[in-house]
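Step one of this worksheet: look at the structure below.
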Amino acid sequence: MLTFVGLGLYDERSVTIEGRDAIRDAEAVFAEFYTSRLVAATVEDLEAYHDVTIQVRDRAGVEQDPEPILEAAETGPAVFLTAGDPTVSTTHVDLRLRAHERDIGTRIVHAPTAQTAASGLTGLQNYRFGKSTTIPFPWAHGADGVPDSVIDTIEANRERGLHTLAYLDIKAESEELMDGGTAAGLLADHWRADPLGVVIGRAGSPEPTVKADRLGALSEMTFGPPPHMLLIPGDLHPIEVDALAAFGDAPEALLE
């Protein structure tokens, strides 16, 4: 059996009880933190809390060489950990399919994810979100500015009145995380500076940050330690207007 367990958003305690039990019952525990990471827990924190040894795999070790994971799951219960939810922004369908092809049973233990937290913290309604995107570091995609695909996604959503959630780049090797001010500045410089944006910081923590303003203004602000997300609202329902004013301190002029 290979069980995919979401660790939630903040620390070693964010996992569900079902996930905690699956980890403690496993004979082998694997994890990856290149797609996402916990805000306030190290691998050592997780190992101590669950009393297990965790084998952390890099991207190649999951996507190109998953054999150790599959072999462990063939001989006993194995667990594969990700921050957030295993099937949302940290999806590993390929690994699950490989297990299925080898007649290895699989199951998923879901957990809170950045996508639902962004909706809940800002008060923007989940069904009014369009396609999400990721803003990479300019040097990471080999060009200056923002990829055309990011701009195309935002504009397509806005044409339909939908909100856009932008995940921000993470470089696991160097532990570099893009902050909300940098992301807003990239859009302000290479798209438009005037649209309303919302930065969400440290979702899942006891004191998350939510700040709404023009992209140009957000680019000059700081939001505490990352991880951050950047949200570009579409058309706003009256309740969403009230929520951004109350929870994100949005300027009244931007909400008219």
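Odds and ends about this structure:
- Compactness relative to 2.2 N^0.38 Å, alpha carbon Rg of the chain: 1.06
- The tail of the calculated P(r) for region 210-255, taken as Cα-Cα distances beyond 12 Å, holds 65 percent of the pairs.
- Label-to-label distance, nm, for residues given as Arg192 and Leu97 (7 Å Cα→Cβ offset): 3.8 nm
- Tilt relative to the chain, helix 148-159 - C-alpha long axis, 0 to 90 degrees, to 10: 60 degrees
- Probe 1.4 Å - accessible area at His100, Å² to nearest ten: 130 Å²
- Separation in nanometres of the label points that stand 7 Å from Cα toward Cβ, at Thr116 and Glu71: 3.6 nm
- Pairs of Cα atoms nearer than 8 Å and 6+ residues apart set the relative contact order; for region 4-123 it is 39 percent.
- Calculated from backbone phi, Karplus (6.51, -1.76, 1.60) coupling profile of region 47-58 in Hz, x at Gly/Pro: 5, 5, 5, 9, 6, 9, 9, 10, 9, 7, 10, 7
- From phi via Karplus (6.51, -1.76, 1.60), per-residue ³J(HN,Hα) for region 12-18 in Hz, x at Gly/Pro: 5, 8, 6, 5, 6, 5, 4
- Derived scalar couplings ³J(HN,Hα) [region 105-120; Karplus, 6.51 cos²θ - 1.76 cosθ + 1.60; whole Hz; x for Gly, Pro]: x, 9, 8, 10, 10, 6, 7, x, 9, 4, 5, 6, 5, 4, 5, x
- Taking every protein chain into account, the 1.4 Å probe leaves Asp144 with about 140 Å² of accessible area, to the nearest ten.
- Ile54 accessible area, assembled protein chains, probe 1.4 Å, Å²: 20 Å²
- Residues whose placed amide H lies under 5 Å from that of Arg214, excluding near-sequence neighbours: Gly197
The values are calculated or read from the model by the stated rules, or taken from the named source; none is laboratory data. Keep in mind that what you see is a predicted model, and the values were worked out from it rather than measured. Methodologically, a virtual Cβ is constructed for each residue, glycine included, from the backbone with ideal geometry; neighbour enumeration extends over all protein chains shown. Just the protein is used for accessible areas: all its heavy atoms, side chains included, with ligands, DNA and RNA removed. Shrake-Rupley method; radii C 1.70, N 1.55, O 1.52, S 1.80 Å.
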